[in-house]
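Input: a single structure, listed below in structure tokens.
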Amino acid sequence: MSQVRVLPGVPTQTTPMSEILHGPAYRIETERTVLRCYEPRDAAPLKSAVDASLDRLLPWLPWAHDEPQTLAAKIELLRQFRGKFDLGQDFIYGIFDPAETELLGGTGLHTRVGEGAREIGYWIATGHEGRGLVTETTAALVRVGFEIEHLARVEIHCDPANLRSIAIPRRLGFHHDGTLRQRIPQRHGPPTDRMIWTLLADEYTASPCSAAPVRAFDAIGRAILGPPAVKAPKGRSAFR
């Protein structure tokens, strides 16, 4: 008889139905960050972080070419983000410091890669690069994707020239499926290539992501994901 694979932190078939909690995860806490669904009140810190980081974002992110935006435009954008989050259409998070006094960057579990899959995108604000924060938050989203959303795969797409971005999936055990040539249209210049990195559900438990210290909470603050069943070895964190 085949055995059912039980992922850490996930309710089993013996869990009473009244105790089974579901995603999406509205708030995710890592060792050094808080990821949460954006709210319109985050418009000012988002505008500040993007405006200060624009020179670094422009070469890699198409949406950066629409910046800088007015504060009113940012408020409207975050209303759209929140609406899509609540409707289960897309899941975009702000990356904040633990006290939530500063926006450190942005990330998301995007639904644009098909059923049973999510694409993780990310950017980090100027002054916070080189600290391993993107690796840490990406590992957290991978845990959420497999343990809460029960995905079949998680993808990361990046430009082959963006060496810092490529380092994230490599460090977290993703497989390079291939590079799509001249696939991403650019406003100025020829289309750019796109690398596709994938982590499958049956590869997850062997990846560093499965040991990421994460807590996640649903829309009303109930805990839906706790510490990993297998802790990372002592010493330097794989996410720094």
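The values are calculated or read from the model by the stated rules, or taken from the named source; none is laboratory data. Remember, predicted model here, so these are calculated numbers, not experimental data. Heads up, the Cβs are rebuilt from the backbone with ideal geometry, glycines too, and the neighbour counts pull from every protein chain shown.
What the table below lists for this structure:
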| item | result |
| --- | --- |
| Residue ID - nearest to A152 (Cα to Cα), chosen from residues in the range 187-199 that are assigned to a loop (DSSP other than H, G, I, E, B) and without any contact (Cβ under 8 Å) to a residue 60 or more places away in the chain | P191 |
| Residue list for the range 133-150, filter: of a type in the set (A, V, I, L, M, F, W, C) and in contact with a Lys or Arg (Cβ under 6 Å, 6 or more places away or on another chain) | none |
| Matching residues in the range 52-67 - criterion: being more than 19 Å from the chain's Cα centre (by Cα) and either surrounded by fewer than 13 Cβ atoms within 10 Å (Cβ to Cβ) or among the aliphatic types (A, V, I, L, M) (or both) | A52, L54, D55, L58, P59, H65, D66 |
| Complete set of residues in the range 23-54 that are of a type in the set (D, E, K, R) and either free of Cβ contacts under 8 Å to residues at least 24 places away in the same chain or part of a strand (DSSP E or B) (or both) | R27, E29, R36, R41, D51 |
| Unique match (being touching a helix residue (DSSP H, G or I) at 6+ places or on another chain (Cβ under 6 Å) and modelled with pLDDT of 95 or more) among A43, A72 | A43 |
| The range 185-203, residues that are surrounded by 13 or more Cβ atoms within 10 Å (Cβ to Cβ) and closer than 30 Å to P62 by Cα | T192, D193, R194, M195, I196, W197, T198, L199, L200, A201 |
| Which numbered condition G178 misses (of (1) on the phi > 0 side of the Ramachandran plot; (2) surrounded by 15 or more Cβ atoms within 10 Å (Cβ to Cβ)) | (2) |
| Any hit, the range 123-140, residues being in a strand (DSSP E or B) and of a type outside the set (D, E, K, R) | yes |
